[in-house]
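Just so it is clear, none of the values below were taken in a lab; they were calculated from the coordinates. Not measured: the values here are computed from a predicted model. In this analysis, Cβ positions are derived from the backbone assuming ideal geometry, glycine residues included, and neighbour counts consider all displayed protein chains.
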Amino acid sequence: MSKVLDIVMAGIISGIVAYTTSQLGIAGTVIGAVLGSMLYQLMSNFFREPLDNVDAIKTQKLERSIFYVFPLIIILGIEVIYLLSSFYDTSLLIFHSLETATRWNLFRTIGVGLMIMGVYPLLEPERISPVYGLIVLIVGVVKLMVGFVDFNSPIVAWYSPIFHQFNELISIMLIAALLYVIVAIIQDSMMFKGEKDQSKVVKGN
């Protein structure tokens with residue numbers, strides 16, 4: 001039954017990403033990846049865990065980490081392109097293409113997506129460390145603020161000079177934060193897998 005659910009989850013998530021990409025372009029890829037990641041967490045929680053034993057539940061924790069990291073890697077890549085766009089014409093052209101494809105809503109989409117992903121570990125701390133969720137949430141808030149720098153409002157007028165003056169520095173900090181979360185989650189997953197394999201060896205002896 002667990003394998004069947006794996007296939008169903010993979011099919012649904014792939015369908016979500018494909019549909020949102022076809023409808024919204026690059027922004028749809030980000031949205032689809034985030035929705036797919038969150039849907040996987042929910043489906044694992046409500047449908048799969050009650051059917052599996054302890055070892056399988058441990059395996060699911062590893063799988064959930066992978067699905068959680070996937071959209072973060074996509075967003076990290078976009079942020080790196082954005083940073084390089086300040087120095088290289090090729091990166092600038094790519095970034096402008098991404099912005100045009102999303103109708104200039106790229107950073108707002110990323111910000112909302114990251115905020116959604118950041119809330120999940122805070123609600124389910126036993127699955128993914130709340131520290132990682134808090135970092136992702138903060139990055140999401142910052143990207144959402146960046147996405148609104150072209151809006152005419154008193155709040156935006158108050159903080160936009162900061163982003164204009166320290167744009168590259170802020171981007172580097174966000175890249176470092178996302179990279180830290182991605183590497184930390186992967187390391188935690190690898191350590192977890194190692195502990196699981198070691199426990200199997202002990203049981204075999």
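Using a simple spin-label model with points 7 Å from Cα along the Cα→Cβ vector, what separation in nm is obtained for W158 and S91?
Each label point is offset 7 Å from its Cα along the Cβ direction, giving 3.2 nm.
What number, in percent, do you get for the relative contact order of the stretch 67-125 if the mean sequence gap of Cα pairs under 8 Å and at least 6 apart is divided by its residue count?
Values: 20 pairs, mean separation 12.7, N = 59.
For the stretch 67-125, the relative contact order is 22 percent.
Figure the gain on full extension for L84 and L123 (residue separation times 0.36 nm, minus the Cα-Cα span) and round it to one decimal in nm.
Values: separation 39, 0.36 × 39 = 14.04 nm, distance 3.49 nm.
The L84-L123 span can extend by a further 10.5 nm.
With label points built 7 Å along Cα→Cβ from the Cα atoms of F151 and N105, find their separation and express it in nm.
Roughly 1.3 nm, to one decimal.
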